[in-house]
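Enquirer: I have a structure I would like to understand better, so I am pasting it below and will then ask my questions one at a time.
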Amino acid sequence: QVQLVESGGGSVQAGGSLRLACAASGNRLPIAVHGWYRQSPGKERELVATFTIDSNTNYADSVKDRYRISRNKARNTVYLQMDALTPEDTAIYYCYVRIRSAEYWGQGTQVTVSS
């Protein structure tokens with residue numbers, strides 16, 4: 001069974017930075033997509049940033065100039081460096097993994113940005 005362990009998150013003032021990490025384990029097949037989504041109260045879950053198996057990255061327009069996703073392939077871990085945070089970035093951030101057609105989600109980690 002694939003397990004996702006998230007770390008990082010927390011509270012920060014506007015303009016600050018946070019770093020999230022998500023380690024995947026238990027997969028016997030290669031991870032096709034590994035990344036982050038987020039969900040704010042009253043809004044749908046949205047893509048933040050992902051890494052594909054061929055090392056392509058994909059970012060939401062709202063974060064592409066402020067966030068950076070990186071990966072340690074040997075450790076099956078992705079990192080999300082979030083800079084210049086704004087209150088609009090406040091959300092629960094969920095780690096996401098897709099292996100073939102199967103999708104897996106982390107439990108979520110809260111990011112709160114105060115003005």
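The values are calculated or read from the model by the stated rules, or taken from the named source; none is laboratory data. Please read all numbers here as calculations on a predicted model, not as lab measurements. Positions of Cβ are generated from backbone atoms using ideal geometry, with glycine treated the same way; all protein chains shown enter the neighbour counts. Heavy atoms of the whole protein, side chains included, go into the accessibility calculation; ligands, DNA and RNA do not. Shrake-Rupley method; radii C 1.70, N 1.55, O 1.52, S 1.80 Å.
Enquirer: So which of GLY42, GLY8, GLY15 ends up being surrounded by 12 or more Cβ atoms within 10 Å (Cβ to Cβ) and not aliphatic (A, V, I, L, M)?
Expert: Being surrounded by 12 or more Cβ atoms within 10 Å (Cβ to Cβ) and not aliphatic (A, V, I, L, M) holds for just one of GLY42, GLY8, GLY15, which is GLY8.
Enquirer: Here's another thing I want to ask about it. Restricting to the stretch 73-107, what's the tally of residues that are within 22 Å of PRO41 (Cα to Cα), part of a loop (DSSP other than H, G, I, E, B) and open to solvent by 20 Å² or more (accessible area, probe 1.4 Å)?
Expert: 5
Enquirer: Moving to a separate point now. With the requirement that a residue be out of contact with any Ser or Thr (no Cβ under 9 Å at 6 or more places or on another chain) and open to solvent by less than 80 Å² (accessible area, probe 1.4 Å), what does the stretch 49-69 give you?
Expert: Correct list: THR52, SER55, ALA60, SER62, VAL63, TYR67.
Enquirer: I've got another one for you. What pairs come out if I take residues in the stretch 38-66 that are at pLDDT below 95 and pair them with residues that are in a loop (DSSP other than H, G, I, E, B) and loosely packed, with under 14 Cβ neighbours inside 10 Å whose C-beta lies under 6 Å away, six or more apart or interchain?
Expert: Pairs found: ILE53/PRO30.
Enquirer: Please work out which residue is most open to solvent (accessible area, probe 1.4 Å), limiting yourself to the stretch 19-39 and to residues that are among the hydrophobic types (A, V, I, L, M, F, W, C) and not in a loop (DSSP other than H, G, I, E, B).
Expert: Per the stated criteria, the residue is ALA23.
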